[in-house]
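Participant: So that we are looking at the same thing, I have put the structure below in structure tokens.
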Amino acid sequence: MKTWDDIYDSSDKILKSILEQKGEEWQLDGGASPDKLNNRLQQQFQYNPFLAYQKLKKHRYRRLMRWYGMAAGMVLIVGFAWGWLQQGADREQLLTETICPGNKKAVLSLADGSVWYLGDTVMTILTAREDIRVDSNGLSLHTHNQTAGNNDEVCHLLTIPRGGEFAMTLPDGSRVWLNSESELRFPLHFAANERKVALTGEAYFEIEKDSAHPFIVETNNSEIEVLGTDFNVRSYRNEKRVVTTLVEGSVCVKNTNNRILLKPGEQSILDETGRLWKQQVEVYPYVAWKEGRFVFRKQRLEDIMATVSRWYNIQVQFEDEEVKDITFSGGMMRYEGFEVFVKMIEAIGSVTCDIKEKVVFIAKHR
Amino acid sequence: MVDREHFITDLNKKKEAAWLQLYEEFYPALCAYAAKLTHENAGVEDIVQECMVGLWDSALQFPNIKALAAWLYKAVYSRALNLIRDRDNSRRLLENYTSELTWSEEMAIELAIEESVIAKLRLVLADLSEQQRAIMNLSLEGYKVREIAQTLNISENTVKMQKKRAYAIVRERMGEIWGVLLATIFFNFF
């Protein structure tokens, strides 16, 4: 048996044999295929040793400070001076430092209780039943064995924080784009008779056609049943309504006492009283977020700010009630800085925005 | 790999350059190792950093790099076990708790060796230029010279030339024996 002391020399030998192509001496999750090696390399690349070293230096610095209280006092004074000078910095510079557009990020909680922070880094999570891969296309599942565990109801949970977005591919090949502050619960394997996921927040679905296995999205208090189609669902808890917008195909929205069939270009709304109705809409503004755009058509500022604040992860405070009801039409790229948005609404809406840290105060222009 | 004895004595004396090198060589591998052990990537950097800080604050002296590697991997292992134990205790209270992670010391050592191999491969690649690294990465994925040239939009000759230069750099860093060994991989892959 090998001991801890053997790690360094053994790894030398194994690396040599890999480089000599004697793969059989080396078992790495079932073989040192180049692909596996590259995966493992990517996993190590996601940890930055230089940043970590800077942190150690800070620790050393703190220890020094304990001995040299005088020096600490000096730093304090310098710190005050710096802070005082910083106050003069202009608004735009401060803005870009504290308020940034959202980016690709999500938290994946697996059924076994482990938690993974996902972002731009390519990684592979190996579990007993499947490989979970994260790459530029988002998250995807690769099951080891199709038949195994068909009857279990184990669910994974993908959570997108405020200021985040993420895409994923479900086991049947359907694609889901998740917007900020959303949550999708999905199973390892879909059950034999239906494909069911649960959503809070906003998501865009591109469902693979499979009439034998209807696809069902569960939201707070309704179910959306589809066969194969593209549609957007918005069901934030604090908005207290479920808005389903159909782009292609057909879907059926139902709650306990009602059901509505949607055709492309139609939108269903379910409000908190349980009332369910549909209307004709221009689809694009409702799905533009997936293409990286904000598009608003005569929308109230309060509703616009609800959407925008999720993406930039900010709080909004209205100083005048009437400002909430000003309506706007317009569009911009989501990945632009927040200052672009502020300039836009200040220019066309006769409002002023005052930004303190991550809180935006909106008042009537005087 | 170059100047191993100096590295260890400087590390024992807590000299900056040696500690930066320590991080460069071991930090990513130890993090990946902790992630595999705990089966999650949340908090692994804290585990590794705690070990490093512990080492910095201690008066430990290592005779050679073998002992250093042994100490580091073992320290991360025992901290990871603590984390698993605490986490599992709190999760047992929740209903959806489905699996339990256990690692024998033997398995943990095998895993440490794997991670150490990857770390050394990473260091070999780190010394190359961006284009050389791209070429090397593609060849690790099993692509042929012609395919690499097409993917990177460069001529086949450039691929071959960059391959030779990369080989020279690796030989310089790893020493003569390594160079000979690497010649095989380069000529097999390309």
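The values are calculated or read from the model by the stated rules, or taken from the named source; none is laboratory data. Just so it is clear, the model here is predicted, and its values are computed rather than measured. Don't worry about glycine lacking a Cβ; one is built from the backbone with ideal geometry, like all the others, and counts go over all protein chains shown.
Participant: Considering each residue of segment B:27-36, count those that are more than 8 Å from every other protein chain (Cβ to nearest Cβ) and at pLDDT 90 or above, and give that number.
Facilitator: In the first step, residues of segment B:27-36 are kept if they are more than 8 Å from every other protein chain (Cβ to nearest Cβ); the result is B:30, B:33-34, B:36.
Right, trim to at pLDDT 90 or above and you get B:30, B:33-34.
Number satisfying all stated conditions: 3.
Participant: Which of the residues belonging to segment B:112-146 are of a type outside the set (D, E) and assigned to a loop (DSSP other than H, G, I, E, B)? Show your work before the answer.
Facilitator: Taking segment B:112-146 as the starting set, the residues that turn out to be of a type outside the set (D, E) are B:112-113, B:116-126, B:128-129, B:131-140, B:142-146.
Scanning segment B:112-146 gives B:L128, B:S129, B:G142, B:Y143, B:K144.
Results for (1) assigned by TED's automatic domain parsing to the domain that holds B:V76; (2) closer than 16 Å to A:L37 by Cβ; (3) modelled with pLDDT of 85 or more, shown as yes or no for each residue.
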{"residue": "B:I135", "(1), (2), (3)": "no, yes, no"}
{"residue": "B:S139", "(1), (2), (3)": "no, yes, no"}
{"residue": "B:V145", "(1), (2), (3)": "no, no, no"}
{"residue": "B:A149", "(1), (2), (3)": "no, no, yes"}
{"residue": "B:L152", "(1), (2), (3)": "no, no, yes"}
{"residue": "B:E156", "(1), (2), (3)": "no, no, yes"}
{"residue": "B:E172", "(1), (2), (3)": "no, no, no"}
{"residue": "B:A183", "(1), (2), (3)": "no, no, no"}
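Participant: Then there's this: Among the numbered criteria (1) surrounded by fewer than 16 Cβ atoms within 10 Å (Cβ to Cβ); (2) under 19 Å from the mean Cα position of the chain (by Cα); (3) in a strand (DSSP E or B), which single criterion is violated by A:N238?
Facilitator: All conditions are met except number (3).
Participant: Here's a follow-up. Quick one: count up the residues across segment B:99-119 that are of a type in the set (D, E, K, R) and crowded, with 20+ Cβ neighbours inside 10 Å. Steps first, answer last, please.
Facilitator: Step one: of segment B:99-119, the residues of a type in the set (D, E, K, R) are B:100, B:105-106, B:110, B:114-115.
Narrowing the set further to residues that are crowded, with 20+ Cβ neighbours inside 10 Å leaves B:114-115.
Adding up the residues that qualify gives 2.
Per-residue answers, yes or no, for (1) touching a Leu at 6+ places or on another chain (Cβ under 9 Å); (2) closer than 14 Å to A:M305 by Cα; (3) among the basic types (K, R); (4) not assigned by TED's automatic domain parsing to the domain that holds A:E302:
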| position | (1), (2), (3), (4) |
| --- | --- |
| A:K324 | yes, yes, yes, no |
| A:F328 | yes, yes, no, no |
| A:G331 | no, yes, no, no |
| A:G337 | yes, no, no, no |
| A:A347 | no, no, no, no |
| A:K356 | no, no, yes, no |
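Participant: Here's another thing I want to ask about it. Please work out which residue is nearest to A:I326 (Cα to Cα), limiting yourself to segment A:277-306 and to residues that are outside any strand (DSSP E or B) and of a type in the set (A, V, I, L, M).
Facilitator: It comes out as A:L301.
Participant: Which residue is modelled with the highest pLDDT, if the candidates are limited to segment A:220-232 and must be surrounded by fewer than 22 Cβ atoms within 10 Å (Cβ to Cβ) and within 21 Å of the chain's Cα centre (by Cα)?
Facilitator: Here the residue is A:D230.
Participant: Would you confirm whether or not segment B:53-60 contains a residue that is in contact with a helix residue (DSSP H, G or I) (Cβ under 6 Å, 6 or more places away or on another chain) and either within 9 Å of chain A (Cβ to nearest Cβ) or hydroxyl-bearing (S, T, Y) (or both)? Write out each step before concluding.
Facilitator: Of the residues in segment B:53-60, the ones in contact with a helix residue (DSSP H, G or I) (Cβ under 6 Å, 6 or more places away or on another chain) are B:53.
Checking which are either within 9 Å of chain A (Cβ to nearest Cβ) or hydroxyl-bearing (S, T, Y) (or both) leaves us with B:53.
Checked against the condition, which is being in contact with a helix residue (DSSP H, G or I) (Cβ under 6 Å, 6 or more places away or on another chain) and either within 9 Å of chain A (Cβ to nearest Cβ) or hydroxyl-bearing (S, T, Y) (or both), segment B:53-60 yields at least one hit.
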